[in-house]
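Report on the following structure.
The values are calculated or read from the model by the stated rules, or taken from the named source; none is laboratory data. These numbers were taken from a predicted model, which means no experiment stands behind them. Because the Cβ atoms are built from the backbone with ideal geometry, glycine has one as well, and the counts that use them run over all protein chains shown. We work out accessible area using only protein heavy atoms, side chains counted, and drop any ligands, DNA or RNA first. Shrake-Rupley method; radii C 1.70, N 1.55, O 1.52, S 1.80 Å.
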Amino acid sequence: NVDRKECDSGVITLLIFSYRLETNKDALRQNGGEYRVHYEHSLPDGDYIYDKYFFEVSRYLRLGWMATLRARVFAGWQTGYSPRQRKFALWREGNMSAFENSNLDIGDGIAGVNTVLDFPLRKSFEIFSLPLVPTVCVFFNAGKVLDRSEVRSWARMRKVDLRGWKAEMGTGFSLECVAFAGLALRLRLPLLTNTKRASLGLRLSIDSAF
């Protein structure tokens, strides 16, 4: 989603390690949680040298009337120098759709939280033998991208600046595939943000994001 004019040119060879542990007790992720670790290393034969680290913890809690509360906490940082399209972004790692058209909300570090309250409309039905569950939701997300100096300050716990956090609140609809837990056709509609740089409007995606 980053404008091509804002992308950096060059060649990168990446070594990527990603591990995810699930403790879900059902296919619809209504109980349990997930833990994910992601590491990215650029090999020295390319034009950029950097290391990138990302961690996230998600928890799901089944409430009454089939409702599910989901919460996700995430943080990441990188060392060295990477192209703009490999830096952290609120719309990508932060899952904040109101900021997907902002080339300003990228950086060398990121931290934040996602919360979603899901309400299934009915039990699953099938399309082409795939069981789908229609769901409406309300969500609240908050996050911040960090520049290089902020990453160093946070790492050394010298100065933790809590200003500059971005937030969004909205509603959405999804068709989640029971056979592939988490994969869904999603419509998201951010309604409120705390900054004028955000882009309110309907978003359509097919993904397995939180």
Problem set entry | Sole exception among (1) modelled with pLDDT under 95; (2) in contact with a His (Cβ under 9 Å, 6 or more places away or on another chain) for Phe54, by number | (1)
For this session: Quickly run through the stretch 115-156 and pick out the residues that are of a type in the set (Phe, Trp, Tyr) and assigned to a strand (DSSP E or B).
Result: Phe119, Phe125, Phe139, Phe140
For this session: Can you confirm whether the stretch 179-187 contains a residue that is surrounded by 15 or more Cβ atoms within 10 Å (Cβ to Cβ), under 18 Å from Arg62 (Cα atoms) and modelled with pLDDT under 85?
Result: yes
For this session: Would you check which residues across the stretch 141-171 are modelled with pLDDT under 85, buried (at least 16 other Cβ atoms within 10 Å of the Cβ) and in contact with a strand residue (DSSP E or B) (Cβ under 6 Å, 6 or more places away or on another chain) and list them?
Result: Val151
Problem set entry | Unmet criterion (only one of (1) assigned to a strand (DSSP E or B); (2) surrounded by fewer than 16 Cβ atoms within 10 Å (Cβ to Cβ); (3) in contact (Cβ under 8 Å) with a residue 40 or more places away in the chain) for Arg72 | (2)
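Can you tell me which residue within the stretch 76-99, out of those that are in a helix (DSSP H, G or I) and not hydrophobic (A, V, I, L, M, F, W, C), is least open to solvent (accessible area, probe 1.4 Å)?
Ser97
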Exercise. Looking at Val138, is it surrounded by fewer than 21 Cβ atoms within 10 Å (Cβ to Cβ) and aliphatic (A, V, I, L, M)?
Worked result: yes
For this session: Select from the stretch 40-89 the residues that are of a type in the set (A, V, I, L, M) and under 17 Å from the mean Cα position of the chain (by Cα) and write down the one among them that is nearest to Gly107 (Cα to Cα).
Result: Ala89
Exercise. Would a scan of the stretch 42-49 turn up a residue that is under 25 Å from Leu21 (Cβ atoms) and crowded, with 18+ Cβ neighbours inside 10 Å?
Worked result: no
For this session: Out of the residues in the stretch 115-131 that are touching a Cys at 6+ places or on another chain (Cβ under 8 Å) and closer than 26 Å to Ala98 by Cα, state the one that is surrounded by the fewest Cβ atoms within 10 Å (Cβ to Cβ).
Result: Phe119
For this session: From (1) over 20 Å from Glu176 (Cβ atoms); (2) at pLDDT 90 or above; (3) aliphatic (A, V, I, L, M), pick out the condition that doesn't hold for Leu117.
Result: (1)
For this session: Scan the stretch 100-114 and give yes if some residue there is under 26 Å from Thr23 (Cα atoms), surrounded by fewer than 16 Cβ atoms within 10 Å (Cβ to Cβ), modelled with pLDDT under 85 and not polar (S, T, N, Q), otherwise no.
Result: no
